[in-house]
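The values are calculated or read from the model by the stated rules, or taken from the named source; none is laboratory data. Quick caveat, the model's predicted, so the values are computed rather than measured. Neighbour counts are summed over all protein chains in view; Cβ atoms, including those assigned to glycine, are modelled from backbone coordinates with ideal geometry.
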Amino acid sequence: MRDLLADTAERAARHLTSLPDRRVAPAPDAVRALAHLDEPFPDHSTDPSDVVATLDALVTPATIGIPGPRFFGFVAGGALPAALAANWLAGAWDQNTVYATVTPGVVKLEAVALRWLLEIFGLPSTCGAAFVTGATVANFSALAAARHVVLERAGWNVEADGLYGAPPITVVVGAEVHPSVTKSLGMLGLGRSRVVTIPVDDQGRMRPDRLPTLDGPAIVCTQVGNVNTGASDAVREICERVRDSGAWVHVDGAFGLWARAAPAHAHLVEGVQLADSWATDAHKWLNVPFDSGLAFVRDGEALRSAMAVAAEYLPPTGPVRNPGEYTPELSRRARGAEVWAALKQLGREGLADLVERNCRLATRFAEGLAAAGHEILNDVVLNQVLVSFGPPEVTNRVIADLQADGTCWCGGTVWQGRTAMRISVSCWMTDEADVDRSLAVMLRLAERHGGP
């Protein structure tokens with residue numbers, strides 16, 4: 001085991017240290033070589049060292065450089081050194097992080113990380129929380145608590161009696177709600193299509209003045225960090241407008257919630273602390289390995305009521321927080337170890353610098369593209385840049401050529417009727433040289449296709 005893990009660590013380190021110089025997208029021949037994995041199920045066992053060697057030979061060259069400094073797609077961060085090391089160590093511990101009496105070490109790490117996160121985001125210290133896979137399950141968990149509370153107020157126990165015959169719940173979303181929220185609403189039986197959709201402004205922010213009068217069970221889903229523009233809903237105003245109705249306000253803050261950690265940008269999400277629940281990702285701006293989502297609920301008992309299970313073979317609950325009572329999964333890895341390690345490595349100043357530096361680099365992209373005559377479609381307030389290189393077909397050709405080139409990786413989108421390239425700066429490794437190197441390629445390709 002020792003020799004195998006040492007060999008694996010060497011291979012992993014070789015891959016990671018190559019990221020600044022290697023192609024971001026895998027080369028076509030590396031993708032074609034994956035066909036060698038299509039073998040019959042082996043009749044006989046294979047030496048573990050040969051298994052790792054095969055993985056490294058075939059899969060490593062076919063990976064995309066998500067952890068590297070020039071991957072600007074999907075708002076994906078890299079993995080901080082301490083977070084990756086904690087991930088490996090937690091894998092070796094192999095703890096099912098459900099009950100404090102069974103796995104006290106990793107449960108304690110999770111509790112400390114939770115306390116730090118609530119302080120960073122300025123949320124009540126009494127919040128309940130779930131360490132889950134990503135924003136989809138974080139939204140699902142928080143909205144499950146919302147469903148529990150608004151129906152309980154109407155005299156209905158949804159966990160016991162389901163939704164058949166339950167009082168209807170009005171769900172309000174913005175016109176640019178993220179699919180992870182609508183997917184969660186579908187899984188919860190609240191419907192993806194029966195929502196009340198509120199118009200948005202020219203940056204994708206929900207218009208509070210268009211909120212309907214709410215009566216009865218209601219959930220309002222807000223957003224901080226629009227996936228295209230980075231803009232945030234006016235959560236304070238929305239909370240104040242619906243307060244008297246008793247509606248539950250949820251915040252989808254997959255990456256935007258981390259602006260709370262940056263003094264220069266915290267004002268952009270001011271008021272989120274007034275909501276009832278929040279969802280975010282740690283594998284975005286905190287830069288921990290995939291997968292790591294976080295759900296927070298002001299009424300921690302509501303989250304527990306929506307998620308907890310009991311069985312004769314399970315340990316009894318006690319005064320200590322048991323993570324498994326707050327998550328959809330009963331079996332779950334020790335995600336809190338990575339979050340704790342990332343926060344410990346960065347500290348308050350390091351986390352603020354990470355967020356603010358990424359925002360400065362996004363502005364550098366926007367300024368460089370605009371100076372060359374290309375249209376920036378959004379107000380660059382956080383780490384998101386939308387750029388058009390002209391007609392849709394030209395923009396799409398630039399994106400395709402950029403992805404094939406391998407210097408950096410950006411994706412495309414259609415936002416408010418405009419075809420654009422999305423640039424998301426989220427990695428701790430990215431610096432000015434990475435931006436300038438990427439800009440040079442973008443401008444060269446745009447010029448090739450007839451741009452300014």
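Listed values, structure above:
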{"quantity": "Complete set of residues in region 163-189 that are in contact (Cβ under 8 Å) with a residue 12 or more places away in the chain and either of a type in the set (Ser, Thr, Tyr) or more than 22 Å from Ser232 (Cβ to Cβ) (or both)", "calculated": "Leu163, Ala166, Pro167, Pro168, Ile169, Thr170, Ser180, Thr182, Ser184, Met187, Leu188, Gly189"}
{"quantity": "Single residue of region 192-231 satisfying the filter (polar (S, T, N, Q) and closer than 19 Å to Trp248 by Cβ) that is surrounded by the most Cβ atoms within 10 Å (Cβ to Cβ)", "calculated": "Thr222"}
{"quantity": "Any hit, region 116-129, residues being on the phi < 0 side of the Ramachandran plot and among the aromatic types (Phe, Trp, Tyr)", "calculated": "yes"}
{"quantity": "Sole exception among (1) closer than 14 Å to Val75 by Cβ; (2) without any contact (Cβ under 8 Å) to a residue 40 or more places away in the chain for Ala433, by number", "calculated": "(1)"}
{"quantity": "Selection from region 381-410 of residues that are surrounded by fewer than 21 Cβ atoms within 10 Å (Cβ to Cβ) and either in contact with a helix residue (DSSP H, G or I) (Cβ under 7 Å, 6 or more places away or on another chain) or at pLDDT below 95 (or both)", "calculated": "Val381, Ser388, Asp401, Asp405, Thr407"}
{"quantity": "Region 419-430: number of residues that are in contact (Cβ under 8 Å) with a residue 60 or more places away in the chain and either of a type in the set (Gly, Ala, Ser) or assigned to a strand (DSSP E or B) (or both)", "calculated": "5"}
{"quantity": "Test set (1) without any contact (Cβ under 8 Å) to a residue 60 or more places away in the chain; (2) surrounded by 20 or more Cβ atoms within 10 Å (Cβ to Cβ) - Arg448 fails condition number", "calculated": "(2)"}
{"quantity": "Subset of region 265-301 [assigned to a loop (DSSP other than H, G, I, E, B) and within 26 Å of Ala337 (Cβ to Cβ)]", "calculated": "Ala282, His283, Lys284, Trp285, Leu286, Asn287, Val288, Pro289, Phe290, Asp291, Ser292, Arg298"}
{"quantity": "Qualifying residue in region 318-332 (condition: at pLDDT below 95, assigned to a loop (DSSP other than H, G, I, E, B) and of a type in the set (Asp, Glu))", "calculated": "yes"}
{"quantity": "Options Val297, Val309; residue that is within 21 Å of Val112 (Cα to Cα) and assigned by TED's automatic domain parsing to the domain that holds Ala264", "calculated": "Val297"}
{"quantity": "Region 379-390 residues that are outside the structural domain of Gly230 (by TED's automatic domain parsing) and within 12 Å of Asn358 (Cα to Cα), paired with ones that are aliphatic (A, V, I, L, M) and assigned to a strand (DSSP E or B) (beta carbon under 8 Å, 6 or more apart)", "calculated": "Gln384/Ile423; Val385/Ile376; Val385/Ile423"}
{"quantity": "Residues located in region 411-436, provided they are surrounded by fewer than 16 Cβ atoms within 10 Å (Cβ to Cβ) and over 24 Å from Asp202 (Cβ atoms)", "calculated": "Asp431, Glu432, Ala433, Asp436"}
{"quantity": "Conditions (1) out of contact with any Cys (no Cβ under 6 Å at 6 or more places or on another chain); (2) touching a residue at least 40 places away in the same chain (Cβ under 8 Å): number failed by Pro61", "calculated": "(2)"}
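Matching residues to (1) buried (at least 20 other Cβ atoms within 10 Å of the Cβ); (2) hydrophobic (A, V, I, L, M, F, W, C); (3) outside any helix (DSSP H, G or I); (4) in contact (Cβ under 8 Å) with a residue 12 or more places away in the chain:
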site	(1), (2), (3), (4)
Ala82	no, yes, no, yes
Ala85	no, yes, no, yes
Ala100	yes, yes, yes, yes
Val106	yes, yes, no, yes
Glu110	yes, no, no, yes
Trp116	no, yes, no, yes
Ile120	no, yes, no, yes
